[in-house]
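The values are calculated or read from the model by the stated rules, or taken from the named source; none is laboratory data. Keep in mind that this is a model prediction, so the values were computed, not measured. Positions of Cβ are backbone-derived with ideal geometry, glycine not excepted, and every protein chain shown enters the neighbour counts. For accessibility, only protein heavy atoms count, side chains too; no ligands or nucleic acids. Shrake-Rupley method; radii C 1.70, N 1.55, O 1.52, S 1.80 Å.
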Amino acid sequence: MDHPFAEHATRKSELVHQRWDACAFVAALEAAVLALGEHAASLDALNVFPVADRDTGTNLLLTAQAALRAARAASDTSLAAVTRSAAHAALRAAHGNSGVILSQFFRAWAEIAAQREYLDAAAMSAGFARADTLARQALLQPVEGTMITVLRAAAEAAQEAAANGLPLAELLAHVRDAALAAVARTPELLPILRQQGVVDAGAQGLAVLLDAWAAAARGERPTLAPMRTTAPPTHSGAGDPHGYCFNALLRVPSDRRNELLQTLASYGESIELVGDDALLRVHLHTQQPDLVIECLRAYGRLDSLALERLSADGQDTIIAEPRQSALLVLSPAPTIRAWAHRLGALALAPSPTLTEPSRLAARLATLPVDRLLVLPARQEDAAVAREAARQLERPRLIVLPTQSLAAQLTALLVYEPGHEDHAEEKLLDLLARLRTVEIDQEGTPETPRWIARSGTWHAMHPALEEALRAGLAHLHAQEADLCTLVIGEAIGDVTGLHRAVRDQWPHLEIELFWGHQPAPALSIALE
């Protein structure tokens, strides 16, 4: 893939200037994704408000990744086009309170960059001010002690820095410091945080992003390390843990949006409406999902719908209405399952249900679906699904030949919700082009060994970077365009992995995705 951003997106030199052009903005997005990927698990564990559903870090990461992916793929490489593509993708991928607010952060940069070729300190100040305004407009009832508190502090710091004539790098450092101070104050503003002894997860996540931008502008590494949490927070009592997290994309006339916002107020809480001229992202927590669906259809056309049961143990996607077709993802990677949820797909983690075909068949038989396209990540899950298919009359199961997490993720990234009837041929064509390898860790923590496997081929190395290079060489990386890496929980800092690929195969576009799976440590696909 000879894309104009492919070889520039990770170069620090693009960011170490007093103004950012389109290439530098893409590099800033990549810096944010790298930082959020390393912090996502700790942010999830920190999450207590508005519901302790442990998904804030995942929501922020997936929203930022969607923005980066779209910015890289923009056909027009002007700053205006790149920021516009990032903002639109973030809106479509946004999930939960934190994801929706982050989508407005990216929308602010698209608006500020609309008539600009670059972002300097003055434009940065205007961008932070606009992000502050958009985030607060998106919320029916803004709550201090959250992301909006950090955005306000960032906007004020940026305005002060610009007024004092500080260059861009120093402005971002000033913004970062103000954000961290605002995060530290969140327990003073939100009683549940003080009771649990934590800061707000969304606020901390935004500070992570701003720290990454400030560090990148100076050519340095971010200063923040993932926060350690001793135990998952208990349910806060803020919001109902037995309700539903409702996320939808709605096409509705702009003159009816304020009316819709007031109508939804009677159906739930944590209500957010954000969008552009064509599309509106709707988020709320509700106990009346059927009534919300009926309400939205009275105002416009639903483009997508994801309904998840809220609980402190995570979220479970619900199929709210009968469908002709749906997608089922079987994956040990929690972030891949979360991404599937955002697409309105079903997602199951490894469990006794997945080891016994009869139990899987019994569970799937209750779904109001005629046809299920099954996307496994492991051979054993595929075998269970095929046996379950023989026991089922309805739904009819079609099991795709995915046998790795990286292949599963790559398929999800091209999957189009609402087009399941035509997805099988498209996904089969994609999977036929993929070459995959997975790397597992063996030995002891003191003397680890890394084993790369692809089919019958395998190689063992003392260093993870060596195993990665061996695996990519085996897959003939010189002939590929795109390298997708799904990162497991055994891997911390990914800088060495990124450098190992970039140094030997500089033509490759690299897609990093934090799956947080227990195993394998690393799953790779080349396309």
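Relative contact order of the range 410-527: what whole-number percent is it, with Cα pairs under 8 angstrom and at least 6 residues apart?
Working: 188 pairs, mean separation 34.1, N = 118.
Reported relative contact order: 29 percent.
In deg cm²/dmol, rounded to 500, what helix-only [θ] at 222 nm does the chain give when every DSSP H run of at least 4 residues adds -39500 (n - 2.57) and the total is split over its residues? Before the final figure, lay out each step's value.
Details: 19 runs with 250 residues, N = 527.
Dividing the helical sum by the residues of the chain leaves -15000 deg cm²/dmol.
Once each part is reduced to its C-alpha centroid, what is the distance from the range 257-295 to the range 446-523 in angstrom?
After rounding, the separation between the Cα centres reads 42 Å.
Write out the GluC sites (Glu not before Pro) in the range 396-485 meeting two conditions: DSSP loop, and at most 13 other Cβ atoms within 10 Å of their Cβ.
Numbers: sites: Glu420, Glu424, Glu425, Glu438, Glu442, Glu446, Glu465, Glu466, Glu479; in loops: Glu446.
Filter output for the range 396-485: Glu446.
Which helices of the chain meet both criteria: a Cα extent of 20 Å or more along the helical axis and a mean Kyte-Doolittle score no lower than -0.5, with helices taken as whole DSSP H segments?
Span-like helices in the chain: 22-46, 56-73, 79-93, 96-112, 121-138, 147-163, 168-189, 201-217.
Sorted by average packing, counted as other Cβ atoms within 10 angstrom per residue and highest first, what order do 404-415, 363-374 take?
Working: 404-415: 23.8, 363-374: 17.5.
Going from most to least packed, we get 404-415, 363-374.
Length gain on complete extension for the stretch Ala298 to Leu392, per 0.36 nm per residue less the alpha carbon to alpha carbon distance? Walk me through the intermediate numbers first.
On the way: separation 94, 0.36 × 94 = 33.84 nm, distance 3.66 nm.
Going from the current span to full extension adds 30.2 nm.
Stokes-Einstein at 20 °C, 1.002 mPa s, Kirkwood radius from Cα pairs: D for the range 98-203 in µm² s⁻¹?
Details: Rh = 14.1 Å.
In µm²/s, the coefficient rounds to 152.
Sorted by average packing, counted as other Cβ atoms within 10 angstrom per residue and highest first, what order do 296-307, 192-203, 144-155 take? Don't skip to the end; give the middle numbers.
Details: 296-307: 17.2, 192-203: 22.1, 144-155: 24.4.
The packing order, highest mean first, is 144-155, 192-203, 296-307.
Net charge around Tyr299, counting only other residues with Cβ within less than 10 Å of its Cβ (Lys, Arg = +1; Asp, Glu = -1)?
On the way: positive: Arg251, Arg256, Arg257, Arg297, Arg301; negative: Glu259.
Overall, the nearby charge balance is +4.
Which whole-number percent gives the relative contact order of the chain, counting Cα pairs below 8 Å spaced six or more residues apart?
So the answer I get is 12 percent.
List the residues, sorted by chain then number, that are 5 or more residues from Leu119 or on another chain and whose placed amide H is less than 5 Å from its amide H.
Under 5 Å from the amide H of Leu119: Trp20, Asp21.
With every protein chain kept in place and ligands, DNA and RNA left out, what is the accessible area per residue of the chain? Probe 1.4 Å, answer in Å². Write down the numbers at each step before the final one.
Values: 20870 Å² over 527 residues.
Here the residues of the chain average 40 Å² of exposed surface.
What percentage of all Cα-Cα pairs in the chain are separated by more than 34 Å?
In whole percent, the share of Cα-Cα pairs in the chain beyond 34 Å is 36.
Using amide H atoms built in the peptide plane, which far-off residues or other-chain residues are under 5 Å from Arg323 H to H?
Val369, Asp370
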